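**Q** My structure is below; once you've seen it, I'll send some questions.
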Amino acid sequence: MRSTTAAVALGALLATVHAAPKPDVDESYPYTGPAVPVGDWVDPDPNGNGKGFPRLVEAPAVTPSSDNLTNNVNVIALSYVPQGINIHYQTPFGLGEDPSVNWGSSADSLGKKATGYSHTYDRTPPCSMISAVTQCSQFFHEVQITGLHPSTTYYYQIPAANGTTASEVLSFTTAREAGVDGEFTIAVLNDMGYTNAGGTFKQLVQAIDDGAAFAWHGGDISYADDWYSGILPCEDDWPVCYNGTSTELPGGFPIPAEYLVPLPEGEVANQGGPQGGDMSVLYESNWDLWQQWINALSTKIPYMVLPGNHEASCGEFDGPNNELTAYLVDDEANSTAAKSTLTYYSCPPSQRNFTAYQHRFRMPGTETGGVGNMWYSFDYGLAHFIALDGETDFANSPEWPFIRDTKGKHQTPTESETFITDSGPFGDIDNYTDTTTYQQYKWLVKDLAAIDRQKTPWVIAMTHRPMYSSQVSSYQAAVRAAFEELLIENGVDVYLSGHIHWYERLWPLTGTGAIDTPSIIDNNTYYTNPGVSMTHIINGMAGNIESHSTLSTGQSPLNITAVLDFQHYGFSKLKVINSTAMSLSFVLGQDGSVGDEVTLLKKGSGSSSSTSTSSPTACTASSIASSTASGITTGFASTYTPPPYVTTTTEVVTAYTTYCPGNTVFTQGSSTYSVTGVRFHLMSSVSLVQISSDTNNITSPPPSQSLTAPAP
């Protein structure tokens, strides 16, 4: 909200502490709930009394050097800024000086020093109430190092200050300069939390070991707002019911072993899990624990984020007997209410309007003309990445500002006119009913216009919310109305999202939602079609306490869906291969295998002018085939004929693919092969074909020149 800002210094030692201009928190009406909401009737102590749900701990980023601990660096997270890096770190108390890092080009030579600034918010409960210094963060420190060389590894150390222990010597690698050729991989994920996310976490760590450049997390990060799941009794219209013996989860699949942990004495069968909430029964502790868990990633590679609905406030909905209203509004624990009266003011002030999210990360919004952690962009090699806010700051957004509550009146709404998730705006608005008057939209117009497609031919956009899905919802029309036409007009190749808790790959879709069948080469290969269509992928399957989304009984996927998996957890691996080829793979958390893969190709420079003696063959596609037993559906959307300007030659070998999107020459043994506008997709052991660039004839090479793909 843009009204009253609560800024509290908490009496800790501070040097330069910046009160961020956003998010503002309105306090026109008093908060009437408990001083510290705890989602555990058996154990309402913020520090735990040894009963009720277990209280987890996670290792801090820096191991303390003393048992007499008064302060500590608990979280370290890297993020990109232009020509450099932002080093974000978190402590329970202030540093007594400006935050700094010592850095250099080698681990044993840290002769340079960079300083930054600190910021804080009045969290509930404050770290002064938490007995474990290594399990709480309330002061957030930002140090930027800029003017660095691209694709270069640097080393740094966070020095001790006001009771903290100096970090080990750590390192980061700067982004690849825009336009520089070369393959790279990133990890794309949404909807993670902690419960059900152990496999995803393991495979993300492996992805870093395998060289992933950065992670891009598209919202619903820690599931902090599920702190109260353990006090909500099971109900028929919510698919999760945890009781420790016969737990129910959506989809009818085998129950993970973690759900077999007996329900603590005194707790009731509930909508949560073994921890009550996703990681904790306190909102802020969910954030603390999740960020410390993810240190294994965020200390090694940039961890880029954007907002989701679970970052907005302390809650989204009430319980079956309005338990949350009784607790947060009437301050009555373990009670019920006649009706739900949750409003914006039902959450503690520090748990409204994306406050924790805005402080706990530092994205390059300011540096790229965007706004904070809400919307921004950056380049890496051959790709331009755009992070959008799919929750606020566009007409009919899922979470909205007070001006929509008051139907355009510039005044504070009455308490009952508000909603618990009311948020924003984070940018300026001229007319709340017209997206084109929002600062976010105007920024996007400029950002897209400034892209140099010679340097970054690939453009990937992400918000938390999908535009299309086999699970249809009204918010999708609002997201489409806000962004779809602009993104397609400007040749965006891929639109990534989450929110729905499954993996879903759609066929390339036009701005009317029609399938762009001429751009479909086969089930796993599409052409990009700038100005006409985009590829959509929903990555809502990283984990979280709410488990998987499922189709309703008797419901089949829509024909826009190519692959739908509501059984497995995992993340997507996006690989930019070169200027004309990119792939996206669904990596399964359970074993790291690939559950689905799609390759996107740009039409090569020589394709349109080449001819062939072979005629394109019409490909007949079957209707979508569904397998509810496996939780996976795949299918071909329609019958189509490949574009007349390209001939695709497919030879089956062992999952080995080489891309020849334009003219190229390669040598194998004593022979030289000239290739014009042809792509080989080899999937089992056979000989390569030989192509003569002067005649475009396709012939088999002599047996002595046979090339066999290696086993995978």
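**Q** Around residue 330, with a cut-off of 15 angstrom between Cβ atoms, what is the net charge of the other residues, counting Lys and Arg +1 and Asp and Glu -1?
**A** Details: positive: 339; negative: 318, 323, 331, 332, 415.
Within the 15 Å Cβ shell, the charges total -4.
**Q** Out of residues 5 or more away from residue 395 or on other chains, whose amide H comes under 5 Å of its own, with H placed 1.01 Å from N in the peptide plane?
**A** Excluding prolines and chain starts, which carry no amide H, the hits are 435.
**Q** Would you please state the base-10 log of I(q)/I(0) at q = 0.25 1/Å for the stretch 475-525, with intensities from the Debye formula using one equal scatterer on every alpha carbon?
**A** -1.21
**Q** I need the Kirkwood Rh of the stretch 75-594: take the reciprocal of the average 1/r across all distinct C-alpha pairs and report it in angstrom. Working shown, then result.
**A** Values: mean 1/r = 0.0422 Å⁻¹.
Hydrodynamic radius (Kirkwood, Cα only) of the stretch 75-594 equals 23.7 Å.
**Q** Then there is this: Separation between the residue 553 and residue 181 pseudo-spin-labels, each 7 Å from Cα along Cα→Cβ, expressed in nm?
**A** 5.8
**Q** Using Cα pairs under 8 angstrom and six or more residues apart, how large is the relative contact order of the stretch 345-403, in percent?
**A** Relative contact order of the stretch 345-403: 16 percent.
**Q** Continuing with the same structure: Give, in nm to one decimal, the length gained when the segment between residue 455 and residue 29 is fully stretched (0.36 nm per residue of separation minus the Cα-Cα distance). Mind dumping the intermediate values first?
**A** Working: separation 426, 0.36 × 426 = 153.36 nm, distance 5.19 nm.
Between residue 455 and residue 29, full extension yields an extra 148.2 nm.
**Q** State which entries of 300/573; 202/573; 575/603; 455/575; 575/602; 300/446 exceed 21 angstrom in Cα-Cα distance in the structure shown. Please report the intermediate quantities before stating the final value.
**A** Details: 300/573 17 Å; 202/573 14 Å; 575/603 18 Å; 455/575 17 Å; 575/602 14 Å; 300/446 32 Å.
The answer is 300/446.
**Q** Return 521, 208 ranked ascending by Cβ neighbour count within 10 Å, so the fewest neighbours appear first.
**A** Numbers: 521 21, 208 16.
Final ranking by Cβ density, sparse to dense: 208, 521.
**Q** Give me the net charge for the shell around residue 360: Cβ to Cβ below 13 angstrom, other residues only, Lys and Arg +1, Asp and Glu -1. It would help to have the intermediate numbers written out before the result.
**A** Numbers: positive: 123, 362; negative: 142, 284, 288, 311.
Net local charge, residue 360 excluded: -2.
**Q** So what does the Cα-only Debye profile of the stretch 83-196 read at q = 0.16, 0.19, 0.20 Å⁻¹, as log10 I(q)/I(0), no solvent term?
**A** Results for the stretch 83-196 at q = 0.16, 0.19, 0.20 Å⁻¹ read -0.91, -1.08, -1.12.
**Q** Also, I was wondering about something else. Starting with the fewest neighbours, write out 453, 465, 360 ranked by other beta-carbon atoms found within 10 Å of each beta-carbon.
**A** Working: 453 13, 465 29, 360 25.
The order, fewest Cβ neighbours first, is 453, 360, 465.
**Q** Past the 22 angstrom mark, what percentage of all C-alpha to C-alpha distances in the stretch 256-409 do you count? Spell out each step's value before the answer.
**A** Numbers: 6652 of 11781 pairs.
Within the stretch 256-409, distances greater than 22 Å cover 56 percent of Cα pairs.
**Q** Work through the residues other than residue 383 whose Cβ is under 15 Å from its Cβ and net out their charges, Lys, Arg +1 and Asp, Glu -1. Before the final figure, lay out the partial values.
**A** Working: positive: 176, 453, 455, 573, 575, 602; negative: 177, 181, 183, 379, 447, 452, 493.
Net local charge, residue 383 excluded: -1.
**Q** What translational diffusion coefficient, in µm²/s and rounded to a whole number, does the Stokes-Einstein relation yield for the stretch 370-511 at 10 °C and a viscosity of 1.306 mPa s, taking the hydrodynamic radius as the Kirkwood radius over Cα pairs? Mind dumping the intermediate values first?
**A** On the way: Rh = 16.1 Å.
Here the translational diffusion coefficient equals 99 µm²/s.
**Q** In whole Å, what is the distance between the alpha-carbon centres of the stretch 111-162 and the stretch 435-476?
**A** 31
**Q** With 10 angstrom as the radius, rank 204, 601 by how many other C-beta atoms surround their C-beta, starting from the fewest.
**A** Details: 204 28, 601 21.
If I rank by nearby Cβ atoms, fewest first, I get 601, 204.
A short reminder: the numbers here are calculations on the coordinates, not readings from a lab. These numbers come from a predicted model, not from an experiment. Neighbour counts run over all protein chains shown; Cβ positions are idealised from the backbone, glycine included.
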